[in-house]
Amino acid sequence: MLTCKEFLQELNEFLDETADQELRERLMTHVSECPNCFVIFDTTRKTLRVYKGLEAQEIPDDVHKRLMELIAKRCKCSGASGGGA
Amino acid sequence: MAETNLTSEVANTEELGLVTQARSGDGTAFSDLVRRYERKIYRLAKNITQHDEDAEDVLQETFLKAYEHLPDFQGNSKFYTWLVRIAVNEALMKLRKRKTDRTVPLDEPVDTGEETVVREIAVWDEDPERQFSQEELSQILNDAVQSLKPAFRTVFVLRDIEELSTEETAQAMNISIPAVKSRLLRARLQLREKLTRFFKRKGDDVFAYL
Ligand SMILES: [Zn+2]
């Protein structure tokens, strides 16, 4: 049986599903028998889920505009924005 | 191993075509690449620097440098990964400049002695995020990320928000793979702990745990 400390050390492998079969089974056994580690595993999994679900905000219009202008100017790309080189 | 499937093979080939065109001086091709990634690079820059002006500087510098160094792009890695590496460098430089009084040990090993101390254990609601508006939620999540030390924050942003692989993150930050892993674990556990305050099921007791 893994100790709680060992379980935590391997938590990333468990969350990312990169543990090999044998380790995975030992981790599963641990969470099924240790309520504390189950809660840590479950809440960390939810933590990742909420972050991944967060939509990337649109880039502000003025930031986008300044970027394209700068690129048009510095890179002499005539196609980068309205202004040619 | 975990591969980031941000782009399929086909999209990859198409992108390589754009890069080749841009390299030969095709401005439209380069601005297509900019439009494709500006949003992600800006988000990355903002997440790492936590500063609007710095983020914009990083965004601009990243694409200017990318343009300048296009001939050096080997095509061994994805264009996006290459871009991220430039952006991370620029963002870290900004951070160092802001913290002139205290150097940020971004590329040095961080003390990992107590990395797995968990203090708070409480059951969360099944879908805790549903109890908040989109605006409240992003405020909560951003505040939590902001409270992490830059060395942890950057690893978390690259791995769990931008979904780079462990290897790509190590490359982008110029640190070892074990360093990425231990910082990521610490970042995840710290965030979990910070979010528990908002997401725990009402009425449950919180108990101490080593
Ligand atoms: Zn346990």
In Å, the Kirkwood estimate of hydrodynamic radius for region B:2-98 over Cα pairs equals 13.8
Point-to-point label distance, residue B:97-residue A:56, nm (Cα→Cβ direction, 7 Å offset): 2.4
To the nearest whole number, what is the average tally of beta carbon atoms from other chains within 10 Å of the beta carbons of peptide B:62-69? 3
If you fit an axis through the alpha-carbon atoms of helix A:35-53 and take the longest principal axis of the Cα set of chain A, what angle between them do you get, 0 to 90°, nearest 10? 10
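Count, for each residue of B:23-29, the Cβ atoms from other chains sitting within 10 Å of its Cβ, then give me the mean as a whole number.
3
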Cross-link reach list, lysines versus residue A:5, counting only Cα pairs under 24 Å and skipping chain neighbours closer than eight places: A:46, B:149, B:181, B:194, B:200
Considering amide H positions built from the backbone, and no H for Pro or chain starts, which residues 5 or more places from residue B:121, or on another chain, come under 5 Å of its amide H? B:207
Could you give each residue of region A:18-34 its phi-based ³J(HN,Hα) in whole Hz, using Karplus coefficients 6.51, -1.76, 1.60 with θ = phi - 60°, and x for Gly or Pro? 10, 6, 6, 3, 5, 5, 4, 5, 5, 5, 4, 4, 4, 5, 6, 10, 10
Taking a cut-off of 26 Å between Cα atoms, list the lysines near residue A:73, but don't count ones fewer than 8 places away on the same chain. A:65, B:40, B:46, B:65, B:94
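Tell me, in nm to one decimal, what length is gained between residue B:16 and residue B:65 on full extension, where the rule is 0.36 nm per residue of separation less the Cα-Cα distance?
15.8 nm
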The ³J(HN,Hα) series, computed from each phi in region B:180-186 with the Karplus coefficients 6.51, -1.76 and 1.60 at θ = phi - 60°, rounded to the nearest Hz and given as x for glycine or proline, is 4, 4, 6, 5, 5, 4, 5
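Quick note: the coordinates plus some simple rules give every number you see, no bench work behind them. Keep in mind it's a predicted model, so treat the numbers as computed, not measured. Here the Cβ is made from the backbone with ideal geometry for all residues, glycine too, and neighbour counts use every protein chain on show.
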